[in-house]
Amino acid sequence: MITFAEDLTRETVAKREVRRAVPPIPSGLLEPPLTHILKMSAKSAINKEVFTPHGEKMLAAVQVKRRTKKKIPFLATGGQGDYMTFICLSVTNQKPSHVSITKVKQFPGSSTFAKRSMWTIEQLRQVNGCDPNKDCPEFDLAFDNAFDQWVAGSAGEKCTFIQILHHTCQRYSSQSKPEFVNCQSKLMGGNSILHSAADSVTSAVQKASQALNERGERLGRAEEKTGEMKNSAEQFAVTAHKLAMKHKC
């Protein structure tokens, strides 16, 4: 018979298995919590301001800076400064679907976002991940009429963007698909970070759920036995009372 203490020990072990199932995230993929929250807020605002009014849905966005600065002394928008740049991937809501890659900027002193450049997915010729062996924030995008070298805010943000971009190209590109070079294999198919982590967590949760179900069954059987013992005790008390009354008489 399993004691209550042993039962709690098994439950604790099951919970530990859930925590261990989540793969450790390399330090290079992490961002400070506040930075992550601000970026999520900005991406939500971009989708609402730039894409939703035009019947589009943003699939992914990555905040970037140029690795090599262009020699432009004055911005056409009327000022210089440290502006924010996002590379966004979007798809139209109406069929047939059209996928676009858009450069969106927010300039100093402005609370709104503006489109600066846009390409169709058919104009994308190459995506260069810069290093196939390790996580890094650098990547290049080559179009028919443009070539840009970017560095993302973090390696994790870049990896997520390229993974979604690759999946979108496989799904929506009707013509020749762009070339993905120097990209880690985990970004190019089923061996993704997200899928592997999800599979591991799902397996561990199933084990934990099974352990909890077994515990519930054991507690249920213990409750039934307790009820039976209670009924037996009551019957014994009644019988004993009857015998006592009989002998008294």
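No value in this document is a laboratory result; all are computed from the given coordinates. From a predicted model like this one, the values you see are computed outputs, not experimental measurements. Heads up, the Cβs are rebuilt from the backbone with ideal geometry, glycines too, and the neighbour counts pull from every protein chain shown.
In a fully extended conformation the segment linking L219 and Q149 would gain 19.0 nm over its present Cα-Cα distance, using 0.36 nm per residue.
Among S110, I121, Q94, whose Cα lies farthest out toward the positive end of the dipole of segment 85-131, if unit charges sit on the beta carbon of Lys, Arg (+1) and Asp, Glu (-1)? The residue sitting farthest along the positive end of the dipole is S110. A crude spin-label estimate for the pair H241 and H54, with each label 7 Å from Cα along the Cβ direction, gives 8.6 nm. Computed from phi, the 3J(HN,Hα) profile of segment 83-98 under the Karplus parametrisation 6.51, -1.76, 1.60 (θ = phi - 60°) reads 8, 9, 10, 10, 9, 10, 10, 9, 9, 6, 6, 7, 8, x, 6, 10 Hz, with x in place of Gly and Pro. At full extension, F180 and D140 could sit 13.4 nm farther apart than now, given 0.36 nm per residue minus the alpha carbon distance. Here the extension length gained between T92 and R66 equals 6.6 nm, from 0.36 nm per residue of separation less the Cα-Cα distance.
Using a/c under 1.5 as the rounded threshold, could you call segment 85-163 rounded, prolate or oblate? The axes a ≥ b ≥ c are square roots of the C-alpha gyration tensor eigenvalues, and prolate needs a/b larger than b/c, oblate otherwise. Oblate, since a/c reaches 1.5 and b/c is not below a/b.
Taking 7 Å steps out from each Cα toward its Cβ at S173 and A45 produces label points 3.3 nm apart. Taking 20 Å as the limit for the C-alpha separation, the pairs K57/K134; K103/K134; K69/K103; K69/K105; K65/K158 exceed it in the case of K57/K134; K103/K134. Around the amide H of A60, modelled in the peptide plane, lie the amide H atoms of L89, all under 5 Å away and 5 or more residues distant in sequence or on another chain.
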